[in-house]
Amino acid sequence: MSKNTIGAVAAIAVVFSFAGALSGQEKLRYEPPQVIAAVEPVYPLNVVNPGTVVLEVSLDPAGEIEEVKVVQAAPGFTQEAQRVIQMWKFKPARLNGEPVRSVIPVAFSFSQPLIWRPGKPQ
């Protein structure tokens, strides 16, 4: 089982752990957090190979970032992914309409940008 799957299963287990506190008649209604503003990362000029960075982002009940953990690093890209995630804004997760803490995975895939040079095709 991948770390992402383990994290997702753990997050779901936390959500359902609230079930014991609710009456047997009440259903849980979970709304995941939503990205409301995102900043795109910049491809580092000194890196040649593509890469993917996966971050685990912990959000407080207001949707503010509390903690960012690196789940999957990629040489040359991890620092840029950590920099831009701090600029993202989130609508908080809700459980039965009430804002709650949440943990979500965020993946950044970096591929070398195409460089266009004007001139005659060869």
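The values are calculated or read from the model by the stated rules, or taken from the named source; none is laboratory data. In this text the structure is predicted, and so the values were computed from the model without any measurement. In this analysis, Cβ positions are derived from the backbone assuming ideal geometry, glycine residues included, and neighbour counts consider all displayed protein chains.
Odds and ends about this structure:
- Count of segment 70-86 residues which are under 16 Å from GLU40 (Cβ atoms) and within 12 Å of the chain's Cα centre (by Cα): 5
- So ILE36, is it surrounded by 16 or more Cβ atoms within 10 Å (Cβ to Cβ) and of a type in the set (Val, Ile, Thr): no
- Cross-chain or 6+ apart pairs with Cβ under 9 Å, segment 48-62 first and over 18 Å from VAL84 (Cα atoms), then part of a loop (DSSP other than H, G, I, E, B) and charged (D, E, K, R): ASP60/ARG101; PRO61/ARG101
- VAL106 falls short on exactly one of the conditions (1) free of Cβ contacts under 8 Å to residues at least 60 places away in the same chain; (2) surrounded by 16 or more Cβ atoms within 10 Å (Cβ to Cβ); (3) more than 12 Å from the chain's Cα centre (by Cα), and that condition is (3).
- Exactly one residue out of VAL42, VAL100 is β-branched (Val, Ile, Thr) and modelled with pLDDT under 95: that is VAL42.
- Residue within segment 84-95 that is loosely packed, with under 14 Cβ neighbours inside 10 Å, more than 29 Å from ILE115 (Cβ to Cβ) and modelled with pLDDT of 95 or more present: yes
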